[in-house]
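Notes follow the structure.
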Amino acid sequence: MQIKIGNTALHLLQGDITEVDTDAIVNAANSSLMGSGGVDGAIHRKGGPRILEACKEIRKKDWPNGLPTGKAVITTGGNLKAKYVIHAVGPIWRGGFKNEDKLLASAYRNSLKLASENILKSIAFPSISTGAYGYPIESACRVALMTVRSYLEKKNVFEKVIFVLFSQSDFETYKKAIGKEFDL
């Protein structure tokens, strides 16, 4: 599925984000930046040790206590098809009463900002915070789509933005939400 926002093609894709050939992929990271399970673990495993070494340097230099929720940093893509990985820390779902929507929007916005600052033309996102962090996918995808749409309407800097959903169920949820968000 593809729609246009200005000159940017916004795509939905079911698959493995580690296989996507874009300038950057976004990692749904934890604050340690050291890799773990889910998307984070898959990116670190497939990308190889250069990603972990870059994350260690970032922690040592800029974020010794861990990357705060809503923030993002950029590293090499290591052995991935993508040249860069943008590590974004999404919120843990706590019932929707701890500013989770604002923190999730910030993770997406900061990822887009980093990609723009590095003059990247394509970026791929997973569904941040909807795995181990327990954010309900229906709510998370609305936040993601509205945040990305708002950014792209203000800044026409990307050729392609992709949401890569691992499961068919997640893909269908995003497809339904994009239809509502964009009146399709």
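Worth a mention:
- The listed residues are Arg45, Arg50, and the only one of them that is charged (D, E, K, R), within 30 Å of Met1 (Cα to Cα) and assigned to a helix (DSSP H, G or I) turns out to be Arg45.
Quick grid of which residues meet (1) in contact with a strand residue (DSSP E or B) (Cβ under 8 Å, 6 or more places away or on another chain); (2) surrounded by fewer than 20 Cβ atoms within 10 Å (Cβ to Cβ); (3) closer than 15 Å to Met1 by Cβ:
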| position | (1), (2), (3) |
| --- | --- |
| Leu103 | no, no, no |
| Phe125 | yes, no, yes |
| Glu138 | no, yes, no |
| Arg142 | no, yes, no |
| Lys155 | no, yes, no |
| Lys180 | no, yes, yes |
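- Val161 satisfies every condition listed in (1) out of contact with any Gly (no Cβ under 7 Å at 6 or more places or on another chain); (2) assigned to a strand (DSSP E or B); (3) buried (at least 24 other Cβ atoms within 10 Å of the Cβ); (4) not small (Gly, Ala, Ser) except (3).
- Residue within region 53-68 that is part of a loop (DSSP other than H, G, I, E, B), within 23 Å of Tyr133 (Cβ to Cβ) and out of contact with any strand residue (DSSP E or B) (no Cβ under 9 Å at 6 or more places or on another chain) present: yes
- Among residues of region 8-30 being of a type in the set (Ser, Thr, Tyr) and under 14 Å from the mean Cα position of the chain (by Cα), the one that is nearest to Asn79 (Cα to Cα) is Thr18.
- The residue that is farthest from Gln168 (Cα to Cα), counting only those in region 1-10 that are touching a strand residue (DSSP E or B) at 6+ places or on another chain (Cβ under 6 Å) and surrounded by fewer than 17 Cβ atoms within 10 Å (Cβ to Cβ), is Ala9.
- One residue stands out in region 99-151 among those that are in a helix (DSSP H, G or I) and aromatic (Phe, Trp, Tyr): the one that is farthest from Thr75 (Cα to Cα), namely Tyr151.
- Near pairs, Cβ below 9 angstrom, 6+ apart or cross-chain, from region 22-44 (surrounded by 23 or more Cβ atoms within 10 Å (Cβ to Cβ)) to any residue that is among the basic types (Lys, Arg): Thr22/Lys81; Thr22/Lys83; Thr22/Lys121; Thr22/Lys160; Ala24/Lys83; Ile25/Lys81; Leu33/Lys56; Leu33/Arg59
- Taking each residue of region 83-99 that is under 12 Å from Pro68 (Cα atoms) and touching a residue at least 60 places away in the same chain (Cβ under 8 Å) and looking for partners that are among the hydrophobic types (A, V, I, L, M, F, W, C) and assigned to a loop (DSSP other than H, G, I, E, B) with beta-carbon atoms closer than 8 Å, six or more apart or interchain, yields His87/Leu33; His87/Leu67; Ala88/Ile128; Val89/Leu67; Gly90/Ile128.
- Residue match in region 80-90 (condition: part of a loop (DSSP other than H, G, I, E, B), more than 17 Å from the chain's Cα centre (by Cα), buried (at least 16 other Cβ atoms within 10 Å of the Cβ) and not hydrophobic (A, V, I, L, M, F, W, C)): no
- Boolean, Arg94 is assigned to a loop (DSSP other than H, G, I, E, B) and either more than 14 Å from Ser127 (Cα to Cα) or out of contact with any Gly (no Cβ under 7 Å at 6 or more places or on another chain) (or both): yes
- Remark: pairs (first residue in region 163-184, under 17 Å from Ala9 (Cβ atoms) and basic (Lys, Arg); second residue at pLDDT 95 or above and part of a strand (DSSP E or B); Cβ separation under 7 Å; 6+ apart in sequence or on different chains) = Lys175/Leu12.
The values are calculated or read from the model by the stated rules, or taken from the named source; none is laboratory data. None of the values given here were measured: they were computed from a predicted structure. Here the Cβ is made from the backbone with ideal geometry for all residues, glycine too, and neighbour counts use every protein chain on show.
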